[in-house]
Amino acid sequence: MKQGEIVDPFNLKKEDGTMSDAKACKNCGINLPGDFSGDICPGCGLTYWKCGNCGFLVTAPVGPDTCPSCKEQCEFKNVTCYTPECGGPGNIDPRL
């Protein structure tokens, strides 16, 4: 590697040397190719939580005690996808 050369660990450059279409994670700011639900990249390790009362979705390490939408103390269900069929981590499992 030459001095001052930019490292491209995610191989974002196209064959012509331009950057590919990448999406920035709203949590950590990293640019990754492709799309990920909720604008949070799989590398952040955050979980998708769904309010059992109103269905509001929250992305956080743990589910909140009070729902930001309905303002009730609700049970939050982990609806993160963990299988290839729904896209794996970084996606919401539509079955839940």
Check: By how many nm would the segment from SER69 to LEU57 grow when fully extended, if each residue of separation counts as 0.36 nm and the alpha-carbon distance is taken off?
Finding: 3.4 nm
Notebook entry, point to check: In a shell of Cβ-Cβ distance under 13 Å around ASP93, excluding ASP93 itself, what net charge do Lys and Arg (+1) and Asp and Glu (-1) give?
Noted result: +2
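Every read-out reported here was derived from the displayed coordinates using simple, explicitly stated rules and does not represent laboratory data. Computed from a predicted model, the values in this text were never measured in an experiment. Neighbour counts are summed over all protein chains in view; Cβ atoms, including those assigned to glycine, are modelled from backbone coordinates with ideal geometry.
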